[in-house]
Amino acid sequence: MAARRISSLLSCSLSYSSLLPKGRFCGVGRVISGYSTSAGIENPINPSIKVHCTQLLINGNFVDSASGKTFPTYDPRTGDVIAHVAEGDAEDIDRAVCAARKAFDEGPWPKMTAYERSKVLFRFADLLDKHIEELATLETWDNGKPYEQSAKIELPMISRIIRYYAGWADKIHGLTIPADGPHLVQTIHEPIGVAGQIIPWNFPLLMFAWKVGPALACGCTIVLKSAEQTPLSALYAAKLLHEAGLPPGVLNVVSGFGPTAGAALASHMDVDKLAFTGSSETGKIVLELASKSNLKPVTLELGGKSPFIVCKDADVDKAVELAHFALFFNQGQCCSAGSRTYVHEVVHDEFIEKAKARALKRSVGDPFKAGVEQGPQIDSEQFEKILRYIRSGTESGATLITGGDRLGSKGFYIQPTVFANVKEDMLIAQDEIFGPVQSILKFRDMDEVIRRANSTRYGLAAGVFTNDLDTANTLSRALKVGTVWINCYDVFDATIPFGGYKMSGQGREKGVHCLSNYLQVKAIVAPLKNPAWI
């Protein structure tokens, strides 16, 4: 399957109604134009599905938490409660780890042929495709992202990821190695064991697939903690995975909070491997807990402050559209967001005016309505954090070009915001805002922009917009980041490794490189008696 270029699917020439599937939300509402307050914000559509999966999934069964406690998960469009979900803590993590350990040591999953494991994953991918409408509705309802994005972009990517790793399951093998002497030497790749996985709230299902797919393909068992803001879609997906034939205990899902369930998972002595996606600050805590317990290896996919560099030869209209997408996609709640837009002085002024016009044109409203590009932020905490950064930008001397305030009186909607005259010492140019705030910085030459783009503690991704091949090659090699997109952005194919330099993490997700996260390499050496050759 060809790469799914999210940027091309969301170009300004695309009619969003053409993306909407023939299903529950087809044709509802009018297309929202501009980011002024609309009926789509004040009177949101009521999703017609019912939430069924709210308990913990342990050893193949949905069960209440040991404490009996629950917590509310909220609709970011209104702040109203969607459902109450079982709140797992250390005791529940221990129950889940015990189930995963027994499934690994005694159960059929690691002992199945790799081909049989792949068939389970292929069946799961088919079920994901069959239940796109329910999964996309849960994802949008719990997270606030546009339904069209969930249904037509993310869900197909998720089933593609699962099929990609299903295909890898029976292609993991070692080597036969020549030795300096009469010995037969071979390496084998063994599943690492029980994998603890902690996923974030900005792409709940996509991160579920990035974590679960490779771990299961390698023969591991899993305890997964979902984000407390978005527990619903992971529970539903896990239910489908068991319908596909996954044995009990192989995948356990615990909903809960970081300081309790997350910390217990990171520090558990019987977890063999940990994978975490989230903020760099929390990543440090996870790494410390893992090291202080049993020195379990940790994969971290963390934050970013990615530069998007618009060179002097750029087609300004195309550069504005791509830079807009790079920042505002997913309400700006994207670790790879192009949140530092560097624009060459030759095209800077034109770019500013057109970036303002594009932000004003952005459609903001109920994410279940056709044509909406931007829904609400995830919750009140993130909403207030973004507004504080906007105030900081104004107070530190940046020029507020447009936006800068909440939108409507209900929910967590923020106006698409653009700042100019941004300097590197401002917080809006240093910190990961994780919201719809574009910071535009002017530069003069190549050496300057390389130095400034690299002057950050992060190193996740970068974008380069130029028609000059030499410029593209120079920048792509000079930028200290894990991914460089040239004249495109957010191309997330299943085959492409993703991860960061510096405080943006360690290890890689996706692609063949991710398999090594869940494998141990064992060398086996035996003497050869009177070999015909060595």
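The values are calculated or read from the model by the stated rules, or taken from the named source; none is laboratory data. Here the structure is a predicted model, which means the values were calculated and not measured. Using ideal geometry, Cβ is built from the backbone for each residue, glycine included, and neighbour counts are taken over all protein chains shown. Remember, those area values only see protein heavy atoms, side chains included, never the ligands or the DNA or RNA. Shrake-Rupley method; radii C 1.70, N 1.55, O 1.52, S 1.80 Å.
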* Might you check whether a residue that is in contact (Cβ under 8 Å) with a residue 60 or more places away in the chain, more than 17 Å from the chain's Cα centre (by Cα) and more than 28 Å from Phe329 (Cβ to Cβ) occurs anywhere in the range 148-170? => yes
* For Ala195: the one exception among (1) touching a Lys or Arg at 6+ places or on another chain (Cβ under 6 Å); (2) buried (at least 24 other Cβ atoms within 10 Å of the Cβ); (3) more than 26 Å from Arg508 (Cβ to Cβ) -> (3)
* Asked: Do you know which residues across the range 306-347 are open to solvent by less than 10 Å² (accessible area, probe 1.4 Å), closer than 21 Å to Thr466 by Cβ, in contact with a Lys or Arg (Cβ under 8 Å, 6 or more places away or on another chain) and of a type outside the set (Val, Ile, Thr)?
  -> Ser306, Pro307, Phe308, His324, Arg340, Tyr342
* Applying the selection to the range 452-478, what residues are in contact with a strand residue (DSSP E or B) (Cβ under 9 Å, 6 or more places away or on another chain), small (Gly, Ala, Ser) and farther than 23 Å from Ile433 by Cα? -> Ala472, Ser476
* Verdict on Lys239 being open to solvent by less than 10 Å² (accessible area, probe 1.4 Å) and modelled with pLDDT of 95 or more -> no
* Kindly indicate the residue of the range 269-305 that is open to solvent by 10 Å² or more (accessible area, probe 1.4 Å) and among the acidic types (Asp, Glu) and also farthest from the chain's Cα centre (by Cα) among those meeting that condition. => Asp270
* Go through the range 388-420 and give me each residue that's open to solvent by 30 Å² or more (accessible area, probe 1.4 Å), among the aliphatic types (A, V, I, L, M), touching a residue at least 40 places away in the same chain (Cβ under 8 Å) and touching a Gly at 6+ places or on another chain (Cβ under 8 Å). => none
* Can you work out which of the residues in the range 421-446 that are without any contact (Cβ under 8 Å) to a residue 60 or more places away in the chain and not aliphatic (A, V, I, L, M) is farthest from Asn202 (Cα to Cα)? => Asp445
* Structure fact -> Exactly one of Val449, Val484 is without any contact (Cβ under 8 Å) to a residue 60 or more places away in the chain and β-branched (Val, Ile, Thr), and that one is Val484
* Asked: What is the number of the single condition among (1) over 15 Å from Leu135 (Cβ atoms); (2) open to solvent by 10 Å² or more (accessible area, probe 1.4 Å); (3) hydroxyl-bearing (Ser, Thr, Tyr) that Thr221 does not meet?
  -> (2)
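For every residue, the table says whether it meets (1) closer than 21 Å to Ala244 by Cβ; (2) over 24 Å from the mean Cα position of the chain (by Cα); (3) without any contact (Cβ under 8 Å) to a residue 12 or more places away in the chain; (4) open to solvent by less than 10 Å² (accessible area, probe 1.4 Å).
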| site | (1), (2), (3), (4) |
| --- | --- |
| Asp80 | no, yes, yes, no |
| Ala83 | no, no, no, no |
| Gly88 | no, no, no, yes |
| Arg95 | no, yes, no, no |
| Arg101 | no, yes, no, no |
| Phe104 | yes, yes, no, no |
| Arg123 | yes, no, no, no |
| His131 | yes, no, no, no |
* Among the residues of the range 246-258, is there at least one that is open to solvent by 10 Å² or more (accessible area, probe 1.4 Å) and farther than 28 Å from Tyr115 by Cα? -> yes
